[in-house]
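Student: This is the structure, below, for whatever I ask next.
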């Protein structure tokens, strides 16, 4: 027979479990994304199912990364340009290319939230199910010219990603004359005159912690199994 005292103890224990679970969820970043206020920027759909990149990138991480983190960048960017039609009418690319011209009160928000939106919108397309291997054609030739070999590029890219202190990204960029690897902090976007971002890897912990914990090197190695080189080659061909 369950006494009143036993039932009360069970209720308290259950409440403690819920509190603990909520704390772990918060730590991992799985909080509900805020509803995006009406605005010009929208969350793009993933070009594949959330579990399509398994076992290299797990489906739960993709659900949180895209549906929570990226959605939050979009919501906050819309919030930043709300009531400013001269900004709301611009693309995120144009906003980021001329941060210095933005009103001081929105500059940081556009840099961080707009950068997060821009970077992730590219990132999803830079991966695909059955990706990996090596690029071909003109990009393969340019990698050999700029780095000496694909193996050397992969080594340099991995070092930049692994060596990025704290949160940020590693990028393969076309700088107008050759390819280069560059690390950028936080959500700074690789937008500069004459620069084209070809390939990027997100090394914020929310991109890999559920599966890889502190093993960032393993995540970086796994990333090369899902790279959509056809998309990267197309960007290189268009330089845009």
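The values are calculated or read from the model by the stated rules, or taken from the named source; none is laboratory data. Nothing here was measured: the structure is a model prediction, and the numbers come from that model. Note: ideal-geometry Cβ built from the backbone for every residue, glycine included; neighbour counts use all protein chains shown.
Student: Quick one: count up the residues across segment 217-230 that are in contact (Cβ under 8 Å) with a residue 12 or more places away in the chain, touching a helix residue (DSSP H, G or I) at 6+ places or on another chain (Cβ under 6 Å) and surrounded by fewer than 20 Cβ atoms within 10 Å (Cβ to Cβ).
Tutor: Final tally of qualifying residues: 1.
Student: Just to be sure, is residue 114 over 20 Å from the mean Cα position of the chain (by Cα) and touching a residue at least 24 places away in the same chain (Cβ under 8 Å)?
Tutor: So residue 114 fails the test.
Student: Moving on. How many residues, within segment 110-132, are closer than 17 Å to residue 225 by Cα and surrounded by 18 or more Cβ atoms within 10 Å (Cβ to Cβ)? Working first, answer last.
Tutor: Within segment 110-132, the subset closer than 17 Å to residue 225 by Cα is 123-132.
Those still in the list that are surrounded by 18 or more Cβ atoms within 10 Å (Cβ to Cβ) too: 123-124, 126-128, 131.
Matching residues across segment 110-132 total 6.
Student: Going by what's in this entry, would residue 133 be described as touching a residue at least 60 places away in the same chain (Cβ under 8 Å) and at positive phi?
Tutor: Numbers: touching a residue at least 60 places away in the same chain (Cβ under 8 Å): yes; at positive phi: yes.
Yes: the conditions hold for residue 133.
Student: Among 131, 67, 83, which is the only one that is under 15 Å from the mean Cα position of the chain (by Cα), over 23 Å from residue 193 (Cβ atoms) and not assigned by TED's automatic domain parsing to the domain that holds residue 199?
Tutor: Of 131, 67, 83, the one residue that is under 15 Å from the mean Cα position of the chain (by Cα), over 23 Å from residue 193 (Cβ atoms) and not assigned by TED's automatic domain parsing to the domain that holds residue 199 is 67.
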